[in-house]
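Peer 1: Next up is a structure, given as structure tokens.
The values are calculated or read from the model by the stated rules, or taken from the named source; none is laboratory data. The shown structure was predicted, so the numbers you read here are calculated from the model rather than taken from an experiment. As a convention, Cβ positions derive from the backbone with ideal geometry for all residues, glycine included, and neighbour counts pool all protein chains shown.
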Number of protein chains: 2
Amino acid sequence: MTKKPMIVAGVMSGTSADGINVALVTMNDSRQPRETKTRSRVNFQLIGHAEFAYPKKVRAAVLAAMNATRASVADLSRLNFLLGELYADAILATQSQLRIKADLIGCHGQTLYHQGETARFLGRKLTTTWQTGEPAIVAARVGAPVVSDFRPADLAAGGKGAPLVPFLDYLLFRDAHMGRIAQNIGGIANLTAIPAHASASQVIAFDTGPGNMVIDAVTDRLFRQPFDRGGRIAASGKVQANVIRKMLQREFFRKAPPKTAGREEFGREFVREFLRACGRCPKQYIVATATALTAKSIADAIQRYTTQDPTRKLRFHEMILSGGGAKNSTLVSMLTSELASLGLRLRFSDEFGLPSAAKEAVAFAVLAHETWHRRASNLPSATGATRPAILGKISYP
Amino acid sequence: MTKKPMIVAGVMSGTSADGINVALVTMNDSRQPRETKTRSRVNFQLIGHAEFAYPKKVRAAVLAAMNATRASVADLSRLNFLLGELYADAILATQSQLRIKADLIGCHGQTLYHQGETARFLGRKLTTTWQTGEPAIVAARVGAPVVSDFRPADLAAGGKGAPLVPFLDYLLFRDAHMGRIAQNIGGIANLTAIPAHASASQVIAFDTGPGNMVIDAVTDRLFRQPFDRGGRIAASGKVQANVIRKMLQREFFRKAPPKTAGREEFGREFVREFLRACGRCPKQYIVATATALTAKSIADAIQRYTTQDPTRKLRFHEMILSGGGAKNSTLVSMLTSELASLGLRLRFSDEFGLPSAAKEAVAFAVLAHETWHRRASNLPSATGATRPAILGKISYP
């Protein structure tokens, strides 16, 4: 049964607290997607997207609120309504820019706190998460229903409340005949593995390790440049295989998925150890080795994952790359050769009509649409939930 | 059209942070209620109710969080999920006690902050409110959809986000031929005026002034008793009419409705002034005068309100009394004679099958049911909103 298409706005604010990303999407709701062609299985289309920076004072207030130990409850309450106003502004501006009005809004909100692991509090064991940005304000000002606050329902189902974006990867990239891995390389690198003809419960997602953050850190330290543009420095260096072997011994890489890496996992301490392992080799060798570490840890994770359960016969044919790492040619070429030995071909997410910058906003449009139709949209195999859950809360205009 | 009846649980935690009140209600949804008999117009029935005290540590944490200036964001986030667990516990316990399962839940949450008046914050004028207690946890554990967070939508519609309970008074007490005033006498006294055959937009609600709090304060001070049980002390004293006249000159009493009184309005400072006005008269005269002040200020408010707009021909026939003040016989008899001069008869809310203790919890069951059917349930004439609004957010189990 195919329903009338809906225009859905997805709204995302990331933990960097830069501002607001809005994507407008056409959702075609076909409960039994046709399986013949790649395109027909993708039941949504990006209309356009836009980014809005927070005003300086607001960004400062958001950053101050994250994990704050001495916050004003009155100001936190005001910040919630203020962000609602800014989300409404951003959606209204995007709508007028694209000359289209949303029928439904999916608004992630700004995360102030997230604790996916159980801990004791006043005598109870619990997990918790907090996304702020009042949806009642958004619904009233934009004049459309809003689905907000997606993470608590997954926590309530025993999950870690993250990651939620793999559901989008699943919709976008699942294929009847091909196993695919959606690989994002941001500061941290994470993948969504979608076996051929997978049901939602067969999709797995986890962090593979460092993405750009170790490369950036050593480039900044050794070359006083914020990142290795295009991978040029790495291209001129020699990879130190012994260093890679040593670093891959660390506990994170040996843990079975699903697993998540905080930024602290590959931060200052990791970089210090990495540099110590590199010893006195030339500077560009060190950047090359950091780049190879990302490529090798991704390939390694895939190999461990696919061989961990031989009875399932997990076979993957394509990796679809997104994120800033896709612009690093040296990293891409290293990854291409690593993947070749695993029988995987490398492609880029832009080929599938979804620019990296819009991806998370699109994800929350898609998740909102699922909730609107009372369908679960967490992937228990990715979040660790014990069951599927309908995510979010609905506010009417 | 009459729909299938729903069992709805209403859950309330008041600002005193004592704990959780749960009411289970059968809702019969008839869009056009029959207007012939009082009973048939009341389209819900209380099945039962129960109260649960917060554990001491939780109460302390809630009280500490209210208006806190140095709160931990992590702990506020944990408190939200913890209260969700306690709400779920309370509903499950009430269900098993009454041997019935709710189809829907309306959960008010615990108010941590409320600012119904516009104020500037980081460059924007806004109002705000904050009710905590995670509904995703409640929905998951009880296995029914939850409507929560009722106040923001009224704020988004330009209202003060309060009072919301008058909607229940309207459903309970509206009559085709009789104008009624639902009068609650708690610490503060507030009324809901429902003209005969009123539409929702004709209902007005406001605080009339002190309820028991001035009586309690002077009784405590002069007799070292927490309250004047049954109004016995007042019964033995003489009312000082000049004191009443003087106190009723204060700005609050002269302001036109809708108006709200904070507890600070009739607190220490007011009592000091009241005692000064009483001068050296006998102690029991002072308690009698404080009791008469409540009765007179209620009658006065009704008279001012009904005469303020003579063209509307507001006429009221009955006052329906609820709250602790209904147990003070002296107050009741004073009120009876004040009302007689206005042509009003006094009745008690218990006659209508709704115990005072269950009233707020029932109200949020009723409001949840309206939201579930996508109907507005704020009363703009009571909250000051510019339009009706569908209140709350829906979380699915």
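Peer 1: For the range B:174-282, which fully contained strands (runs of 3 or more DSSP E) count at least 3 residues that are among the β-branched types (Val, Ile, Thr)?
Peer 2: Where strands (runs of 3 or more DSSP E) fall fully within the range B:174-282 and carry at least 3 residues being among the β-branched types (Val, Ile, Thr), they are B:188-194.
Peer 1: Write out, first by first residue and then by second, each pair whose Cβ atoms fall under 6 Å of each other, whose residues are 6+ apart or on separate chains, and whose first residue, in the range B:119-147, is in contact (Cβ under 8 Å) with a residue 40 or more places away in the chain while the second is of a type in the set (S, T, N, Q) and part of a helix (DSSP H, G or I).
Peer 2: Hits for this filter: B:132/B:80; B:134/B:80; B:147/B:371.
Peer 1: For residue A:248, state whether it is of a type outside the set (Gly, Ala, Ser), surrounded by fewer than 22 Cβ atoms within 10 Å (Cβ to Cβ), out of contact with any Gly (no Cβ under 8 Å at 6 or more places or on another chain) and modelled with pLDDT of 95 or more.
Peer 2: When the stated conditions are applied, residue A:248 passes them.
Peer 1: Scan the range B:159-172 and tell me whether some residue there is outside any helix (DSSP H, G or I), charged (D, E, K, R), within 14 Å of chain A (Cβ to nearest Cβ) and farther than 23 Å from residue B:342 by Cα.
Peer 2: Scanning the range B:159-172, I find at least one residue that is outside any helix (DSSP H, G or I), charged (D, E, K, R), within 14 Å of chain A (Cβ to nearest Cβ) and farther than 23 Å from residue B:342 by Cα, so the answer is yes.
Peer 1: Can you name the residue in the range B:308-338 that is assigned to a loop (DSSP other than H, G, I, E, B) and buried (at least 18 other Cβ atoms within 10 Å of the Cβ) and is also modelled with the lowest pLDDT among such residues?
Peer 2: Taking the candidates together, the pick is B:314.
Peer 1: Same structure again: From the list A:173, A:167, which residue is touching a Leu at 6+ places or on another chain (Cβ under 6 Å) and among the hydrophobic types (A, V, I, L, M, F, W, C)?
Peer 2: After applying the criteria, what remains is A:167.
A quick yes/no check of all residues on (1) in contact (Cβ under 8 Å) with a residue 60 or more places away in the chain; (2) touching a Pro at 6+ places or on another chain (Cβ under 9 Å):
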{"position": "A:302", "(1), (2)": "yes, no"}
{"position": "A:314", "(1), (2)": "yes, yes"}
{"position": "A:346", "(1), (2)": "no, no"}
{"position": "A:351", "(1), (2)": "no, no"}
{"position": "A:361", "(1), (2)": "yes, no"}
{"position": "A:364", "(1), (2)": "yes, no"}
{"position": "A:375", "(1), (2)": "no, yes"}
{"position": "A:382", "(1), (2)": "yes, yes"}
{"position": "A:385", "(1), (2)": "yes, no"}
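Here's the yes/no breakdown for (1) farther than 30 Å from residue B:237 by Cβ; (2) in contact with a Ser or Thr (Cβ under 7 Å, 6 or more places away or on another chain); (3) of a type in the set (Val, Ile, Thr):
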{"site": "B:345", "(1), (2), (3)": "no, no, no"}
{"site": "B:354", "(1), (2), (3)": "yes, no, no"}
{"site": "B:361", "(1), (2), (3)": "yes, no, no"}
{"site": "B:368", "(1), (2), (3)": "yes, no, no"}
{"site": "B:380", "(1), (2), (3)": "yes, yes, no"}
{"site": "B:387", "(1), (2), (3)": "yes, no, no"}
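Peer 1: Something else now. Would you say residue B:180 is among the basic types (Lys, Arg), facing another protein chain (nearest Cβ under 9 Å) and over 27 Å from residue A:86 (Cα atoms)?
Peer 2: So residue B:180 fails the test.
Peer 1: Do you know which residues across the range B:370-393 are under 21 Å from residue B:137 (Cβ atoms) and surrounded by fewer than 24 Cβ atoms within 10 Å (Cβ to Cβ)?
Peer 2: B:372
Peer 1: Next question, about the same structure. Residue B:147 - would you say it is outside any strand (DSSP E or B), among the aliphatic types (A, V, I, L, M), touching a helix residue (DSSP H, G or I) at 6+ places or on another chain (Cβ under 6 Å) and facing chain A (nearest Cβ under 10 Å)?
Peer 2: no
Peer 1: Moving on. Which one of these is over 17 Å from the mean Cα position of the chain (by Cα) and small (Gly, Ala, Ser): A:189, A:196?
Peer 2: Answer to the check: A:196.
Peer 1: Related question: Against the condition surrounded by 23 or more Cβ atoms within 10 Å (Cβ to Cβ) and within 25 Å of residue B:265 (Cβ to Cβ), how does residue B:188 come out, does it pass?
Peer 2: no
Peer 1: Kindly indicate the residue of the range A:88-132 that is within 17 Å of the chain's Cα centre (by Cα) and part of a loop (DSSP other than H, G, I, E, B) and also surrounded by the fewest Cβ atoms within 10 Å (Cβ to Cβ) among those meeting that condition.
Peer 2: Within the range A:88-132, the match that is surrounded by the fewest Cβ atoms within 10 Å (Cβ to Cβ) is A:109.
Peer 1: Exactly one condition in (1) closer than 30 Å to residue A:153 by Cα; (2) more than 11 Å from chain A (Cβ to nearest Cβ) is false for residue B:393; which is it?
Peer 2: (2)
Peer 1: Hey, residue A:255 hits all of (1) touching a residue at least 40 places away in the same chain (Cβ under 8 Å); (2) under 29 Å from residue A:14 (Cα atoms) but one; which does it fall short on?
Peer 2: Single failed check for residue A:255: (1).
Peer 1: Have a look at A:371, A:330, A:294 and point out the one that is more than 14 Å from every other protein chain (Cβ to nearest Cβ) and in contact with a Leu (Cβ under 7 Å, 6 or more places away or on another chain).
Peer 2: The match here is A:294.
Peer 1: Still on this structure, please answer the following. For the range A:279-290, check the following and say yes or no: at least one residue is over 26 Å from residue A:160 (Cβ atoms) and polar (S, T, N, Q).
Peer 2: Taking every residue of the range A:279-290 in turn, at least one turns out to be over 26 Å from residue A:160 (Cβ atoms) and polar (S, T, N, Q).
Peer 1: Please determine whether any residue of the range A:68-75 is assigned to a strand (DSSP E or B) and either within 7 Å of another protein chain (Cβ to nearest Cβ) or surrounded by fewer than 24 Cβ atoms within 10 Å (Cβ to Cβ) (or both).
Peer 2: Yes, the range A:68-75 contains a residue that is assigned to a strand (DSSP E or B) and either within 7 Å of another protein chain (Cβ to nearest Cβ) or surrounded by fewer than 24 Cβ atoms within 10 Å (Cβ to Cβ) (or both).
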